Amino acid sequence: MYDVWKNVLAEIEQKVSPDNFSTWIKDTSLILIEDGVVKIGVRNSFYVKQLRSRYFDKFSSALKNNSVEFNDIEFIVQSDSKTKVKPHEVINSNEKVRERVKSLKSNKPLTGYENGLNEKYTLDNFIVGSNNDLAVSAAKSIIDSPGTRYNPFFLYGGPGLGKTHLVQAIGNELLKRNPNLKILYTPISHFYSDFVDSIQNGKGKEFHKKFQKLDVLIIDDFQFIVNKEKSQEEFFNIFNDLYQLNKQIIVTSDRLPSQIKTVDERLASRLTWAGAFDLQLPKFEDKCAILKAKAEMLGAEIEQEAIEYLAENVNTNIRDLEGEFSTLLLMSDVRGVTPLELIRNGAINVNKGSKMRSVSAKRVLDMVAKYYQMSVKDMCGKSRVSNIKTARQVAMFLLSKELSMSTPKIALEVGVKDHTTVMHGIKKIESDLKLNFTLRDQIEEIKEKIYG
C-alpha cells in the first residue's frame, strides 16, 4: 500500500507547481484506511484546512486512479494519531474495487462511485455570471430534456474556469431526477487507458458494449486525445451509437475540436453539431459574486474591500481565485485578525496574472514587434497591412491588460490619434481570443518573453 501512496504523490506532483507540492503535499503520509475513510497525516492544523480546501480533489482523483476505494478523505495532524495502515483493510478495499469493476460490466445502474461523479459538484454552488451564462442555460436544457436539443454538448475554455464542475453538475442533477439513469463521467485519459487494457486483454467488444448501455456519457479533457488514432476511432464509433439512440453526450476541452491537432475531421465536426459553448474568464463583478457565495457557503466573514482586492488582483482563473481566498481566510484564522487587516498590513500580496510592476510599455512594444518580426516603428505606424494591424492590436491589448494603461495613454504609445481606435483594437483581440487558440498561444508566448 505504501507503493500505492508513492504513486498517489507522484501523480499529484504532476498536477501542481513544484513549490506547492514541496510546501503542502510532499511530507503527507498515509495513516489508515477505515470504514471507507482515507486518513492522511499532515504537519499541523493549518495544513489540514489548506489541504482540505485546495487539494482535496487532487488527492481524491489520484487515489481513485490507483484503485483505492473510499467515501471520504480526512486530514489528521500526525502527532494526533499513532495508527498504522492495516494490510487486511487494503486487501478488502481492493476486493471491493474488483466487485465494482464486475458491476460495470453488468446491467446494474451506474450509480454512486461507479459513475465517476463527485456529489459536491452541483448547479446550486455553481456561480452564474456573464462569463458562463449561455453554457449554464444550455446545461439546464439538457437536464430538462437529455439527448434532444443540445446533443452533443461541447464545452470548452481554459483551465480552472469550471468545466468539470458544470458537466458533473449536469450528471448529478440528472441522477437526482432519475436514479435509474446509466451515467458515466470519465476523463479522456481514463478512456484511453481502459481501451488499451481491453485490447491487450482481448476484451475490446466488452469495452464497447459497456458504453452502449449508457444513457449519458461525459468525457472530460478531450484535448488529450491527440496522437491516439485507435482511441479516436473507438470514441467515434461509440459516439455514433449513442447519438443514434438519442443518448446524451457531453464533452469538455480546453479548445475547439477543429483546433486540436491530429483529431479526425469527422469526429471534430460531430462534436460541434449542436454548437460549442465556452467558459470565459470572469469579470470583476463575476469574481466578487463568486467570492461572496463562497464566503456564505463556508460561513466565513470577509469584508467587501477584501473581496474586491482579490477580484482585482487575481486575473488567471476561478481556481486560483478560490485558492487565494482560502489562503486569506486561513491566515486570518491563524493570526487572529480580519482578512482586510492582513491586506492593509501587507501580510498578503496577491498579484496573479500580472507582473506589471517590473515591465515598461517600451518592453511590451519591443517584444510584440520582435515576435511578429517587424520594427516598433512599423508596428506603431499607419500601415493597414493585416499582420502589422494585428501586432498593433495585440500591443494595445497587452498594454491594457498587463500594465492597466488607459486607452488615451495607449493611443500615444502606439501612435494612433483617437483612443476609440484603441478601444476597438482591444475588443477585437478579446473577441478573437474566444475562438482563435492560435492567437491565445501567441499572446502567451509574447508574455513569457516580456517577463522572461
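The values are calculated or read from the model by the stated rules, or taken from the named source; none is laboratory data. Given the structure is predicted, the values throughout are model-derived calculations rather than measurements. Ideal geometry is used to build each Cβ from the backbone, glycine not excepted, and the neighbour counts take in all protein chains shown. These area figures cover heavy atoms from the full protein model, side chains too; ligands, DNA and RNA do not enter into them. Shrake-Rupley method; radii C 1.70, N 1.55, O 1.52, S 1.80 Å.
Near TRP273, within a Cβ-to-Cβ distance under 13 Å, what is the net charge of the other residues, with Lys and Arg +1 and Asp and Glu -1?
Once positives and negatives cancel, what remains is +3.
Normalised by the empirical 2.2 N^0.38 Å for globular proteins, what value does the Cα Rg of segment 226-272 take?
Segment 226-272 yields a ratio of 1.11.
According to the Cα gyration tensor, what semi-axes, each the square root of 5 times an eigenvalue, does the equivalent ellipsoid of segment 217-371 have, listed from largest to smallest in whole Å?
Whole-Å semi-axes of the equivalent ellipsoid: 41, 24, 12.
Taking only the C-alpha atoms, wrap a convex hull around the chain and report its volume per residue in Å³ as a whole number.
167 Å³
In whole Å and largest first, what semi-axes does the C-alpha gyration tensor of segment 119-271 yield when each eigenvalue is scaled by 5 and square-rooted?
25, 18, 14
Over segment 200-240, with the other protein chains present, what is the accessible area per residue in square angstrom, probe 1.4 angstrom?
Per-residue value: 51 Å².
From the P(r) of segment 1-58, could you give the percentage of C-alpha pairs in the tail past 14 Å?
In whole percent, the long-distance tail amounts to 57.
Provide Rg over Rh for segment 190-302; use the alpha carbon set for both Rg and the Kirkwood Rh (inverse mean inverse pair distance).
Rg divided by Rh gives 1.12.
Taking Cα atoms of segment 335-452, Rg/Rh with Kirkwood Rh, to two decimals?
1.08
Where does the charge balance sit around ASN151 when Lys and Arg score +1, Asp and Glu -1, over other residues with C-beta under 14 Å from its C-beta?
Summing Lys/Arg as +1 and Asp/Glu as -1 gives 0.
Listed here are the pairs LYS209/LYS434; LYS140/LYS447; LYS228/LYS427; LYS58/LYS261; LYS176/LYS434; which of them are more than 31 Å apart at the Cα?
Violating the 31 Å Cα-Cα cut-off are LYS209/LYS434; LYS140/LYS447; LYS228/LYS427; LYS176/LYS434.
Could you work out how far helix 87-104 tilts from the main Cα principal axis of the chain, as a 0 to 90 degree angle to the nearest 10?
With rounding to tens, the tilt is 80 degrees.
Taking the Cα atoms of segment 242-294, report the difference between the largest and smallest coordinate on each principal axis, in whole Å and largest first.
Largest to smallest, the principal-axis extents are 43, 28, 15 Å.
At a threshold of 8 angstrom on Cα-Cα distance, excluding pairs fewer than six apart, so keeping six or more, what relative contact order does segment 245-330 reach in percent?
Rounded, it is 23 percent for segment 245-330.
How high is the relative contact order of the chain, in percent, with contacts defined as C-alpha pairs under 8 Å that are six or more residues apart?
Relative contact order of the chain: 12 percent.
How far is helix 419-433 tilted off the main Cα axis of the chain, in degrees rounded to 10, range 0 to 90?
Approximately 20 degrees, to the nearest ten.
In degrees between 0 and 90, to the nearest 10, how far off the longest principal axis of the chain does helix 318-335 point, with axes built from Cα atoms?
80 degrees
Would you kindly derive the ³J(HN,Hα) couplings of segment 64-71 from the backbone phi angles with the Karplus curve 6.51 cos²θ - 1.76 cosθ + 1.60 (θ = phi - 60°), listing them in order in whole Hz, with x for Gly and Pro?
5, 5, 9, 6, 9, 8, 6, 10
Order the peptides 62-69, 263-270 from the highest to the lowest mean number of other Cβ atoms within 10 Å of their residues.
Going from most to least packed, we get 62-69, 263-270.
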